[in-house]
Structures are given as structure tokens and as C-alpha cells.
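K.L.:
Please read through the structure below; I'll follow up with questions.
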Amino acid sequence: MVERYPSAIELVEVGPRDGLQNEKRLLSPADKLILIERAIGAGSRRIEVTSFVNPRAVPQMADAEEVCAGLPRRADVTYIGLVMNGRGADRAIATGRIDQLGAVATATDRFGMANQGQTSQDSVQISRDIIDQARAAGLTGQATIAVAFGCPFEGEVSHDYVVEIASRLCEAGPVELALADTIGVADPAHVEQLVARVREAIAPIPVRVHFHNTRGTGLANVWAAIGAGASVVDASIGGLGGCPFAPAATGNVATEDVVYMLQRAGIETGLNLEALIDANLWLGTQMEKQLPSMVAKAGLFPAKDHSLAGARK
Ligand code: ZN
């Protein structure tokens, strides 16, 4: 293990939600459940399974209730439902199958209005209410700050402001606070600075990070975030993903690629890379395209015959 890096990192599989929400090709609820089962089979223990949003705005998530009804009953898996308001929270709670509500606050007004019809300040208050609502229903709540590293409409986002709203969100007692690079503009230098500042401001509440690989900096950002103290990382099988309200955003960092990088550093994720590559191939067939993940295209290293050769030495 590399000095100053942790021995383990938790990955949240966001493929069933972020991975699919921007795809033209719709997966059936049954196929979404196969994807979720494959993620669990590969070792995922925390999965963002859907979002409870207006089906007219995000038709890919119109089947949220149906997907929840089919979720495997597993005491060792935490299912997260993303919600943007009290009505979404009510729907998620009513399924009886969601363990954790994910609330979304936005770092800018213009993205907030486009994504969820809320100013930044309103989104912070609504997220705090959602966390309270989760707790009242016997669930846990988590908050994400969207466009924390840059906004498609307003450009640069002030670190001071992100730290301020992170602190306000944490007063509500979320299990963690996530910083999301919703549009894929983050770079490792800024990630290191912002994660370190937010971590200091909200400790002991853990920092989670969410990156899109739109500009090729996704994995470097994950590495920088972990070095600065983030302990939970979002990733999506195959590297699918995008935001319907963030022009030109492409996929999340791929689960396979993150696991490969962390395994090589001796950082445990609990995930099985071969099973993830199998899941990638299955998902690519369903989506009728090759998925962005690099490791799934290139394969394992060391390969199985390498380890045999190594054993002969
Ligand atoms: Zn995203």
C-alpha cells in the first residue's frame, strides 16, 4: 500500500441511476435488476438504484417503483434512492425498499434551476429537510453538492461557497457529504484543495466524491480525492453516465477502472474485477455499444498466465 493512502475505500455503484439516466436506449426494469444483481455479485454493497424524479423530465427513471419492488432482499446491501424534493422522498420511502435517501444540493443557482427548479440556497434547505425526513422514516440520508467543481452555466464555483453549504448540509446529520463533478470539468489540483477543505470543515462526517470522465481527468481526480481524505467514491459499471441537464457531460468514472487503479495500489474495495468485466460485457450487449471503461477493453493485469509464469520463477 502507498504511504498516506488508506487501506480500503468504499465504492458506491451508481450505474443503475447515473449510468442509465442519460442513455437513449432504455433498459427494462428486469434488465436494471440484472445489472444490480451483477453489481452485488461483484461485491458491491452500496448501490444507487434509481432516482425519484419527474418521469417527464427523466423518462429513464420512470420505473423507479418497479425497480425497487424487485430489489434483492439483502441485509448487507444499502440501496440508495436519489431524490430532489419532499415528494420524491415520499415516493422513495413508500417503496419500503430504499435504505438511504440521497439529497442533491446545487452549488449554483442556474444549475439548480435547470436540474431541479431550486436556487442553490433553496436546494440546501430542501436537502436538509430530506435528511430529516429520511431519519423520521427510519432510513439514513446523504447529501451531494452538484456542480461543486464547476457549472455549465456559471463557470467557476467558489471553494468558500462549497465549504459553506457543505457545513450547513452537515448540520442535518447526513451519513456523508458528496462532492459531485456533475459535468466533468474537475482537475486533480482543484480536487485535492476542495476535498481537503471540505473534509476539515465537516469531520468526522466522511467525504464522498463523484466524477465524470468528460475531459479525461476522472481517475486522476479519484486519486487526488483519496489522497486528500475522501473515503467513498462513486463509479458506474462500464463508465456509462451523464446528466440530462448538463450539456456535453459524459460517463462516470468506470467501476472497473477505479477498482484496477486501487487494487494496484493495494487499496481494498471488496470488488471483484473479473466479475465487473463480465458485467460490463453484459451491459454493453444490452446497450448495443462498447462502453467507455478502459480496463474492460484491455483486460486484467497481471493476466492469469502471467501469474503462472511468476509462480515458476
Ligand atoms: Zn453524475
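K.L.:
Would you mind telling me which residue in 155, 88, 15 has the biggest mean-square fluctuation in a Gaussian network model of the chain, where springs connect alpha carbons within a distance under 10 angstrom?
P.N.:
Its mean-square fluctuation being the largest, the pick is 155.
K.L.:
Express in whole angstrom the spacing between the alpha-carbon centres of the stretch 274-305 and the stretch 103-122.
P.N.:
Each part reduced to its Cα centre gives a spacing of 35 Å.
K.L.:
Then there's this: So how long is each side of the stretch 129-198 along the principal axes, counting just the alpha-carbon atoms, biggest first, in Å?
P.N.:
38, 23, 17
K.L.:
Using just the helices of the chain, give the 222 nm mean residue ellipticity in deg cm²/dmol: DSSP H runs with n ≥ 4 each add -39,500 (n - 2.57), and the total is spread over all residues, rounded to 500.
P.N.:
Calculated mean residue ellipticity at 222 nm is -12500 deg cm²/dmol.
K.L.:
Which one of 268, 65, 288 has the biggest mean-square fluctuation once the chain is modelled by GNM with Cα springs under 10 Å?
P.N.:
Its mean-square fluctuation being the largest, the pick is 288.
K.L.:
Can you give the % of DSSP beta bridges in the chain that are antiparallel, to the nearest 5?
P.N.:
Of all bridge pairs located within the chain, approximately 5 percent are antiparallel.
K.L.:
Another question about this same structure. I need 277, 40 ordered by Cβ neighbour count within 10 Å, fewest first.
P.N.:
40, 277
K.L.:
With the alpha-carbon atoms as the only input, what is the per residue convex hull volume for the stretch 217-313 in Å³? Don't jump to the answer; show the numbers that get you there.
P.N.:
Numbers: hull volume 12.0 nm³, N = 97.
Value for the stretch 217-313: 124 Å³ per residue.
K.L.:
Averaging sequence separations of C-alpha pairs under 8 Å and six or more residues apart, then dividing by the length of the chain, give the relative contact order as a whole percent. If you can, show how the numbers build up before the last one.
P.N.:
On the way: 670 pairs, mean separation 59.8, N = 313.
Relative CO of the chain lands at 19 percent.
K.L.:
Another question about this same structure. Semi-axes, largest first, in whole Å: what does sqrt of 5 times each Cα gyration tensor eigenvalue give for the chain?
P.N.:
Working: eigenvalues 165, 106, 66 Å².
Equivalent ellipsoid of the chain: 29, 23, 18 Å, largest first.
K.L.:
Order these by the 10 Å Cβ neighbour count, fewest first: 32, 289.
P.N.:
Listed from fewest to most nearby Cβ atoms, that is 289, 32.
K.L.:
Most fluctuating residue of 229, 43, 96 in a GNM of the chain with Cα springs under 10 Å: which is it?
P.N.:
Top of the fluctuation ranking is 96.
K.L.:
For the stretch 3-122, rounded, prolate or oblate, judged on the Cα gyration tensor with a ≥ b ≥ c (square roots of eigenvalues), a/c < 1.5 rounded, else prolate if a/b > b/c? Mind showing how you got there, number by number?
P.N.:
On the way: a/c = 1.68, a/b = 1.19, b/c = 1.41.
Note, shape of the stretch 3-122 comes out oblate.
K.L.:
What ranking of 211, 245, 301 emerges when the number of other C-beta atoms within 10 Å of each C-beta is taken as an exposure proxy, fewest first?
P.N.:
The order, fewest Cβ neighbours first, is 301, 245, 211.
Throughout, read-outs are computed from the coordinates displayed, never taken from laboratory work. Just so it is clear, the model here is predicted, and its values are computed rather than measured. Cβ atoms come from the backbone with ideal geometry, glycine included; neighbour counts cover every protein chain shown.
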